[in-house]
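What follows is a set of notes on a single structure, which appears directly below.
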Amino acid sequence: MDAKLTGIDRGQVLRYLGCRDTADDALEAELQRRAEALKAEAEPRAVWKLFPLLPDFSLAGACFRLEGESVRALLKDCDQVILMAATLGNSVERLIRRTQAVDMAGALILDACGSAAIENVCDNLCDDLAAEFAPRYLTDRFSPGYGDMPLSQQRELFASLDVTRRIGVTLTDSGLMLPQKSVTALIGVSDRPQAMRPRGCAVCSLHDTCAYRKDGKTCGTI
């Protein structure tokens with residue numbers, strides 16, 4: 001299945017920019033202009049693979065044992081795991097860097113558009129996977145670094161999917177992905193729907209620093 005960028009959510013871009021859900025006409029026009037520029041440069045690519053999940057939370061056929069109570073709780077009813085990676089490509093990275101050199105405000109908007117765009121690519125891939133695996137059920141996607149799953153497991157995921165060779169994303173020594181508008185994740189596959197996951201401000205990793213919560217509001221994403 002092909003990676004698809006079908007839209008850039010305006011509200012999501014505004015949240016990344018810390019603008020809540022309101023923008024004046026000038027900002028709205030700039031958001032639209034930057035989003036169109038980013039879409040013109042985007043070359044979305046994705047890779048995924050299905051692995052049997054063993055009782056010790058290792059993946060059969062991969063040197064990968066899932067660490068952390070949060071990811072194990074997510075997968076407790078699953079017998080298979082999908083590993084996935086997606087990217088907007090190097091052209092988007094270059095566009096943001098060129099813009100940073102001449103217009104930092106514009107680059108910030110592009111960066112926010114890129115974050116919303118890669119989420120759209122991942123959402124579309126997950127929708128396609130849900131159709132592919134129906135009538136079985138998929139969990140939410142979960143990435144290394146979420147909850148108590150170590151970010152260091154990013155390297156095991158990369159090796160299991162051969163990410164660099166297949167879609168051109170590399171890892172720095174600190175675990176940063178390049179191009180930066182890239183995402184890796186895992187998704188559980190089960191014969192029954194996922195139980196409701198804890199949601200809300202109380203379980204968010206940004207609970208103590210969130211600007212929305214300080215204003216008595218929420219971001220709307222959890």
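The values are calculated or read from the model by the stated rules, or taken from the named source; none is laboratory data. From a predicted model like this one, the values you see are computed outputs, not experimental measurements. As a convention, Cβ positions derive from the backbone with ideal geometry for all residues, glycine included, and neighbour counts pool all protein chains shown. The area values use the complete protein model at the heavy-atom level, side chains included, leaving out ligands, DNA and RNA. Shrake-Rupley method; radii C 1.70, N 1.55, O 1.52, S 1.80 Å.
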Subset of the stretch 151-193, residues among the small types (Gly, Ala, Ser), modelled with pLDDT of 95 or more, surrounded by fewer than 19 Cβ atoms within 10 Å (Cβ to Cβ) and within 17 Å of the chain's Cα centre (by Cα), comes to 168
Taking first residues from the stretch 23-35 that are under 17 Å from residue 107 (Cβ atoms) and second residues anywhere that are of a type in the set (Val, Ile, Thr) and assigned to a helix (DSSP H, G or I), the pairs with Cβ under 7 Å that are 6 or more apart or on different chains are 30/109; 31/13; 31/109; 34/109
Residue 85 - would you say it is open to solvent by less than 10 Å² (accessible area, probe 1.4 Å) and touching a helix residue (DSSP H, G or I) at 6+ places or on another chain (Cβ under 8 Å)?
yes
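Kindly indicate which of 30, 67, 41 is open to solvent by less than 80 Å² (accessible area, probe 1.4 Å) and more than 21 Å from residue 117 (Cβ to Cβ). Break it down stepwise before answering.
On the way: 30 fails: more than 21 Å from residue 117 (Cβ to Cβ); 41 fails: more than 21 Å from residue 117 (Cβ to Cβ).
Selected residue: 67, the only one of 30, 67, 41 that is open to solvent by less than 80 Å² (accessible area, probe 1.4 Å) and more than 21 Å from residue 117 (Cβ to Cβ).
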Name every residue in the stretch 121-150 that is in contact with a Phe, Trp or Tyr (Cβ under 8 Å, 6 or more places away or on another chain) and open to solvent by 60 Å² or more (accessible area, probe 1.4 Å), in order of residue number.
none
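Yes or no: the stretch 46-57 includes at least one residue that is farther than 25 Å from residue 128 by Cβ, open to solvent by less than 60 Å² (accessible area, probe 1.4 Å) and in contact (Cβ under 8 Å) with a residue 24 or more places away in the chain. Explain how you work it out, then say what you get.
Residues of the stretch 46-57 farther than 25 Å from residue 128 by Cβ: 54-57.
Now drop any that are not open to solvent by less than 60 Å² (accessible area, probe 1.4 Å), which leaves 57.
Still in the list and also in contact (Cβ under 8 Å) with a residue 24 or more places away in the chain: none.
Scanning the stretch 46-57, I find no residue that is farther than 25 Å from residue 128 by Cβ, open to solvent by less than 60 Å² (accessible area, probe 1.4 Å) and in contact (Cβ under 8 Å) with a residue 24 or more places away in the chain, so the answer is no.
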